[in-house]
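Here's the structure, in structure tokens; my notes come after.
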Amino acid sequence: MIGRRRSFAWCVVSVIGVLSLRVHGQVTSERLAAAPSEPQNWLTYSGNYSSTRYSPLNQITPANVKNLKLQWVYQSPVAGNWQTTPLVVDGMMYITQRLNDVVALDAATGRAFWIYRYTPAQDRVVCCGANNRGLGILGDTLFMGTLDAQLIAIDRKTGRAIWKTEVASTKTGYSITHAPLVVKNKVIVGVGGGEYGIRGFIAAYDAMTGREAWRFYTIPAPGEPGSETWERCPPEAKSFCDPEAWTHGGGSIWMTGSYDPRLNLTYWGTGNVGPDYNGAQRPGDNLYTASIVALDADTGTLKWHYQFTPHDVYDYDSVQVPVLVDNWAGSRVNVVTWANRNGNFYVLDRETGRFLLGKPFVKVNWMSEFDERGRPKQTPQPEGQPTYPGNQGGTNWYSPSFSQRTGLFYVSAWEDYASIYAPASSQYKEGTNFVGGGPRNLTAVPGAPGLGRSPINTWTEAAGHGAVIALDPATGREKWKFTMTDVTDSGLLTTGADLLFTGGREGYFQALDARTGSLLWKTNLGAAINSGPISYRVGNRQYVSIVSGLSLFVFALDE
């Protein structure tokens, strides 16, 4: 822990009707572990420790979903890409908004009870937007990571800060943008900043005090396991090669991991290596970047790892949410399932990390096949030729879903999307961009609209399009596909009535039949959807919520 102080001078709390705030029982670690037995609530970022984004609620069905009506809207006062997922606890909703605000809302009416405001340091260095994706909870305390790499505990009854811990120095490019994962009495977070040459890590903090309990570096130091994958520079390198590449090797953490209580293992995906695109200056596989790491939740000890993209030169961050599935393919093997940015769907034994399955779910040409241990045979494309999938990947940070009822894995995908890469030498300078060249997206003809599109439909599908793809986890084969016009940044939700909810850049919020992919209902919310839907219940009524643009929309059937 770099520093900790109990001070409230740096925050402003607005309290609105706190006396009527309805808070029931505390959220114990036992409740978190048994979250699937509380379908009325949404207690973690992904709904449960397995990160399935599956709700057993079934009041809204394929037969009546067309009757969904808007119940209330909460509008954020801050512009920008809003990627949060709310928590819902016993009729109360807790949601983050940019930059680092927390809002307590009545989940049935949208009434605001309090707003906690934290202003990140003005000299913060943050990649890729001022995003905060959500909260963790334990007891009556909420936990939020901040853009300037602080971890803050907040009283959920009053909205007042309890403690604040500095996780890392924001001046050197560190940040926290994901929702913390709470396991037992610990709050687990990782640090972003892969484009600024950080040395990534995952750390756990005592939920009561904010004191650091353990830390695992995703970039091993010399002599540690994995350090051999940061190879020596050749004696007569033809281009710049950095002999100390590991010191700013990336491996950021910017999405929330998962947890298996039986094995006491927590699973996290790691980000790109630094610099992103110029592999010549960092020889070797560069562990543990573009990997999954399985850590002991009590100690942070590495139990196993698997690297999806060794020596990544495509910016294929592997921070996608790990989805835990039991009794894979009718066996007794419990697995981690993973739709990766590199375009492949993976299945790994979650106790040992053993590779069980790897299969593309979009067009892939950066590799051709896997060996028996799951290492990809890479096929770099000639200079100036497109690589599939492109820089943003076959999928990215947006949450997948697994339905216990259908047995299918669902992923938001970018299809027919490619980039052309141009590596360049990059000298590390603290707090500045460190990527080593860059990509350009493949378009139909020079000058044609790419993915930064105007509102007018003047583009062609040559630049790529979005889809929701249903995969059979036993084989990796596609069962159905729902194709969109534009690409998608929306997460997914499946329910106990075999519905799948999703959005997209087109602004539609839509419900599909989770078994067939048929469109059952949609509504235009007027802005891109860059978050994942959730479902919860207050009283006898099921709700579905989604963020679109600067507004949170909540739907239900008429009473």
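Taking the centroid of alpha carbons for each part, the stretch 157-173 and the stretch 538-559 are 31 Å apart. For the stretch 95-151, the equivalent ellipsoid derived from the alpha-carbon gyration tensor has semi-axes of 23, 13, 10 Å in decreasing order. For the stretch 301-447, relative contact order (Cα pairs under 8 Å, six or more residues apart, normalised by length) works out to 18 percent.
Considering the stretch 122-182 at the alpha-carbon level, its Rg and Dmax are found to be 11.8, 35 Å. Taking the accessible area of the chain, probe 1.4 Å, and keeping the other protein chains in place, the carbon and sulfur fraction comes to 49%. Calculated accessible area for the chain comes out at 36 Å² per residue, all protein chains present (probe 1.4 Å; ligands, DNA, RNA ignored). Annotation note: trypsin sites (Lys or Arg not before Pro) in the stretch 324-353 located in DSSP loop regions with a Cβ neighbour count of at most 13 within 10 Å are R332.
Computed with a 1.4 Å probe over protein heavy atoms only, the accessible area of L519 comes to about 80 Å².
Using every pair of distinct Cα positions in the stretch 52-159, the Kirkwood expression returns a hydrodynamic radius of 15.5 angstrom. Rounded to the nearest 10 square angstrom, Y118 shows an accessible area of 20 square angstrom against a 1.4 Å probe. Whole-percent P(r), the chain, all Cα pairs, 20 Å bins from 0: 23, 59, 18, 0.
One Cα centroid belongs to the stretch 378-425, the other to the stretch 85-155; the line between them spans 30 Å.
Our compactness index for the stretch 378-451, the C-alpha radius of gyration over the empirical 2.2 N^0.38 Å, is 1.48. Annotation note: trypsin sites (Lys or Arg not before Pro) in the stretch 363-394 located in DSSP loop regions with a Cβ neighbour count of at most 12 within 10 Å are R373.
Here's how it looks for M367: its modeled amide H is under 5 Å from those of T379, which are all 5 or more places away or on a different chain. The spacing between the stretch 477-525 and the stretch 329-354, judged by their C-alpha centroids, is 24 Å. In the chain, helices alone account for a calculated mean residue ellipticity at 222 nm of 0 deg cm²/dmol, with every DSSP H run of four or more residues adding -39,500 (n - 2.57). The HN-Hα couplings worked out from phi for the stretch 348-361 by the Karplus form 6.51 cos²θ - 1.76 cosθ + 1.60 (θ = phi - 60°) are 10, 5, 7, 8, 10, x, 4, 6, 10, 7, x, 8, x, 10 Hz, whole numbers, x standing for Gly and Pro. Dividing the radius of gyration of the alpha carbons in the stretch 407-559 by their Kirkwood radius gives 1.06 for Rg/Rh.
With contacts taken as Cα pairs under 8 Å at a separation of at least 6 residues, the stretch 167-234 carries a relative contact order of 21 percent. The alpha carbons of the stretch 185-225 stretch over 33, 25, 10 Å along the principal axes, in descending order.
Computed extension gain for D123 through L519, at 0.36 nm per residue and net of the alpha carbon distance, reaches 137.9 nm.
The values are calculated or read from the model by the stated rules, or taken from the named source; none is laboratory data. Quick caveat: nothing in here was measured; it's all calculated off a predicted structure. Reconstructed Cβ throughout: ideal geometry from the backbone, glycine too, with neighbour counts over all protein chains shown. What goes into the accessible areas is simple: the full protein's heavy atoms, side chains included, and nothing from ligands, DNA or RNA. Shrake-Rupley method; radii C 1.70, N 1.55, O 1.52, S 1.80 Å.
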